[in-house]
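A short write-up of the structure that comes next.
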Amino acid sequence: MNISKQYLIDSLSMQESWRLFKIMAEFVDGFDTLSEIEPAVSIFGSARVPREDPLYAETEALAAELARAGYAVISGGGPGIMEAANKGALEAGGTSVGLHIHLPLEQEANEYQNVHCAFKYFFVRKVMFVKYAMAYVVMPGGAGTLDELFEAFVLTQTKRIKPFPIILYKSEFWSGLKEWMAKSMVARGFIREEELDLAVILDTPEEVVAYIKKHVIL
């Protein structure tokens, strides 16, 4: 092996080693920052929901009710649904946690956070969402929202975490997904019918808060 090729191999190996340290640093920072927050509810949803959308106001109201009930609220820390969740919790006097991800095409972190973490790696961020949440509320959203939903679904399905409420907000958005899962996945034996009940669909902030209070005791 010539010297230049060996140098390239050694350089790439060194880069991978440093990447491991960066990943470890993100875990440590997240654990240190979030270790003392009160029982929390993670709220997911689209970053592209404008402030004038009724869904923004409903998310804000939901987060405020959760904060008043004694729960911290965790969001992705960005715009849209994430901003509404942080805003509602903060203005209600609660703990508003933003787990912001650095992306080249997304906007900066929103201003409504009193606890903040920034991440480069999606998988580290998802660990924080799961580890510190007592419940998930999944608002309408896109591919990222589906990713976070099914992460929680699979971890609960496989009993890798203790079961917790997974709430899909708005029948008009989510009922088609559950119908498809029943017709395509349950029918083929890919999941069991009772596993569909791991996620429940609710339609108002009041229903969500009542359901969480019933299943997550402070």
* Asked: Residue by residue, what Karplus-based ³J(HN,Hα) values in Hz, rounded to whole numbers, does region 137-144 have, using 6.51, -1.76 and 1.60 with θ = phi - 60° and x for Gly and Pro?
  -> 10, 9, 7, x, x, x, 5, x
* To do: Calculate, for Glu52 and Asp147, the FRET efficiency according to 1/(1 + (r/R0)^6) with r their C-beta to C-beta distance and R0 25 Å; round to the nearest 0.05.
  => 0.40
* Structure fact -> Here region 202-211 yields Karplus 3J(HN,Hα) values (6.51, -1.76, 1.60; θ = phi - 60°; whole Hz; Gly and Pro given as x) of 10, 10, 9, x, 5, 5, 5, 4, 4, 5
* To do: With everything on Cα atoms, drop me the angle between helix 81-91 and the longest principal axis of the chain, reported from 0 to 90° to the nearest 10.
  => 70 degrees
* Asked: If you take the charge dipole of region 3-215 about its Cα centre, with +1 on Lys and Arg Cβ and -1 on Asp and Glu Cβ, which of Ile74, Pro163, Tyr56 is farthest toward its positive end?
  -> Pro163
* Whole-Hz Karplus ³J(HN,Hα) for region 189-194, in order, using 6.51 cos²θ - 1.76 cosθ + 1.60 and θ = phi - 60°, x for Gly and Pro? -> x, 6, 9, 7, 4, 5
* Asked: For a label point 7 angstrom out from the Cα of Arg68 toward its Cβ, which stretches of region 188-218 have the backbone nitrogen within less than 12 Å?
  -> 206
* Asked: Once all Cα-Cα distances of the chain are split into 5 Å bins that start at 0, what whole-number percent is in each one?
  -> 1, 7, 14, 18, 18, 14, 9, 6, 4, 3, 2, 1, 1, 0
* Asked: Which longest run of the chain has no exposed loop site in it, a site being GluC sites (Glu not before Pro) in a DSSP loop with at most 11 other beta carbons within 10 Å, and the site itself not part of the run?
  -> 112-218
* Asked: Excluding same-chain residues fewer than 8 positions from Lys162, which lysines have a Cα within less than 30 Å of its Cα?
  -> Lys22, Lys87, Lys120, Lys126, Lys131, Lys170, Lys178, Lys183, Lys213, Lys214
* **Segment Ser35-Glu91, extension gain: residue separation times 0.36 nm, minus the distance between their alpha carbons** => 17.9 nm
* To do: Please grab the % of Cα pairs in region 29-132 that end up more than 21 Å from each other.
  => 25 percent
* To do: Enumerate the amide H contacts of Val137 below 5 Å, restricted to partners 5 or more residues apart or on another chain; note that Pro and chain-start residues carry no placed amide H.
  => Ser42, Ile43, Phe44, Ile167
* Find the all-direction average of the projected area of the Cα convex hull for region 155-213, expressing the result in square nanometres with one decimal place. => 4.3 nm²
* Computed magnitude of the charge dipole of the chain (debye, nearest 20; Cβ of K, R +1, Cβ of D, E -1) -> 760 debye
* Asked: At a Förster distance of 35 Å, what's the computed FRET efficiency of Leu218 paired with Trp180, Cβ-Cβ distance as r, to 0.05?
  -> 0.50
* Structure fact -> Taking only C-alpha positions in region 109-182, Rg and Dmax in angstrom work out to 13.6, 41
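Throughout, read-outs are computed from the coordinates displayed, never taken from laboratory work. This structure is a prediction, so every number in the text was calculated from the model and none was measured. As a convention, Cβ positions derive from the backbone with ideal geometry for all residues, glycine included, and neighbour counts pool all protein chains shown.
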